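These notes concern the structure reproduced below.
Just so it is clear, none of the values below were taken in a lab; they were calculated from the coordinates. Nothing here was measured: the structure is a model prediction, and the numbers come from that model. Please note: Cβ atoms are built from the backbone with ideal geometry, for glycine as well, and neighbour counts cover all protein chains shown.
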Amino acid sequence: AVYQATASAPVNIACIKYWGKRDTKLILPTNSSLSVTLDQDHLRSTTTSRADPSFKHDRLWLNGEEEEIKDGGRMATCIAEMKRLRKEEVEDKQPNEPKLSTYPVHIASFNNFPTAAGLASSASGFAALVSSLAQLYQLPVSPSTLSVIARQGSGSACRSLFGGFVAWEQGTKPDGSDSLAVQVAPQSHWPDIHALICVVSDDKKGTSSTSGMQRTVETSPLLQHRIKHVVPQRMVDISKAILDRDFDAFAAITMADSNQFHAVALDTEPPIFYMNDVSRAIIALIVEYNRVSVAKGLGRKAAYTYDAGPNAVIYTKKENVKEIVELIVKYFPQKEGSFKDVFGLFGGADVAKSEGSVVEGFNEAVAKKFEVGAVKGLIHTKVGDGPRALGKE
Ligand code: DP6
């Protein structure tokens, strides 16, 4: 028999940021976090796992290149935990099932998005890994249980085990068994939420999340305030905003939390800067866009958020996407004057043709300050579903 399974998993972008660990080995966070899962029709990792008693040892290929599985490392931990679940949940209970937990596995994973998209692939990657092994091992366990294992690969990966709007509850137990992802609302609750990823730089240099957040834990007094007095209420408030489909509140909290995450990075010794001039100009653009909308009594129409790099993710409702794309085309033109790298829902051709346009009421004197550089690529996507089992492909 051939024991093989394939699964795909989505990317997620946090609205309430995870930044800081209380246990670096188990990857237990210092605060809860909340994200939107993005549509894997556009951005995904796809992983095939095969178990075979004739394999000599576990092996891993990422985008076709073999990667070493380091002993005691995150990848080895995830594979070992999945084998343990196979033994406990299947083989110990049904002695006639094949002892797949004793077979080495070969794992091949692909991202369909280019590194030039400037997106971290570890979240979708570890979520696809545990999803493919869960299918291979026929595990009768919930996505939250799988999230505990994906979390040990990369913290943010635990949130990619669900679609829609997802919370990672920090938990209190030392063994991490209650530090897991739960779904706040499925994609179908608010399918109108779209995302525009503005690629400002595809530079991989800079401080990694893992080392940066550790330095913040060790040196930032502001992080202690954030953990105790800010994030707990924000988790409650943004969950309510999502359940009420209150975009204005969702946007206000998302932007405030991105700002505070970058403030604690700046409060780190030595300080960490993730945003650049173009990132800050995109913030100014969204602020002006929302000012006009609020003045008309319509509330905020867009929310920016930035992870550990300069690229912006803009959340908005579907009806506003075209307008925002045109603003970005106008104020952040590429040298060639068109966006060649646009992909996703909104066709590249549509955007490339656009001359860009202004919004009525826009303060053009303020807008002059936006023009500091190019946005190199745009990806248009939306809230999406959780991991997909693709069978024995
Ligand atoms: C800024 O999950 O990449 O994107 O757990 O060390 O692998 P490790 O870190 P990682 O950190 C993500 C940080 C963030 C915020 C977020 O996604 O919540």
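Just a few scattered comments:
- Nonlocal amide H pairs with Val199, under 5 Å, H built at 1.01 Å: Lys376, Gly377, Leu378, Ile379
- A convex hull fitted to the Cα coordinates of the chain yields 142 cubic angstrom per residue.
- Ranking of Met82, Met75 by neighbouring Cβ atoms within 10 Å, starting from the fewest: Met75, Met82.
- The order of the peptides 128-136, 312-320 by mean Cβ neighbours within 10 Å, most packed first, is 128-136, 312-320.
- Under Karplus coefficients 6.51, -1.76 and 1.60, residue-wise ³J(HN,Hα) of region 229-245 in Hz, glycine/proline x: 10, 10, 4, x, 5, 4, 4, 5, 5, 6, 4, 5, 4, 5, 5, 7, 6
- Pairs beyond 32 Å (Cα-Cα), from Lys17/Lys317; Lys56/Lys173; Lys21/Lys382; Lys173/Lys240; Lys21/Lys322: Lys56/Lys173; Lys21/Lys322
- Taking the longest Cα principal axis of the chain as reference, the axis of helix 277-295 is set at about 70 degrees.
- Shape call, region 196-257: gyration tensor on alpha carbons, a/c limit 1.5: oblate
- Protection-proxy order for peptides 147-153, 158-164, 46-52, 84-90, each taking the mean of Cβ atoms within 10 Å per residue, highest first: 158-164, 147-153, 46-52, 84-90
- Convex hull projection area averaged over all views, region 45-99, Cα basis, nm²: 4.8
- Each 5 Å bin from 0 upward holds the following percent of the Cα-Cα pairs of region 61-168: 2, 12, 22, 23, 20, 12, 6, 2, 1, 0.
- Shape of region 126-248, Cα gyration tensor, a/c cut at 1.5: rounded
- Within region 1-85, GluC sites (Glu not before Pro) in DSSP loop having at most 10 other beta-carbon neighbours inside 10 Å: Glu68
- As a rough guide to protection, the peptides 28-37, 98-107 ranked by mean Cβ packing within 10 Å, highest first, stand as 28-37, 98-107.
- Sum of -39500 (n - 2.57) over DSSP H runs of 4+, divided by residues of the chain (222 nm, nearest 500): -10000 deg cm²/dmol
- Region 1-87: chymotrypsin sites (Phe, Trp or Tyr not before Pro) in DSSP loop, at most 16 other beta carbons within 10 Å: Phe55
- Antiparallel bridge percentage (DSSP; both residues within the chain; nearest 5): 90
- Using alpha-carbon coordinates, inclination of helix 74-86 to the longest axis of the chain, degrees: 50
- Principal-axis analysis of the Cα atoms of the chain puts helix 122-136 at an angle of about 30° to the longest axis.
- Alpha-carbon centroids, region 269-285 and region 124-180: separation in whole Å: 31
- Whether region 260-340 is rounded, prolate or oblate, judged on the alpha carbon gyration tensor where a/c under 1.5 counts as rounded: oblate
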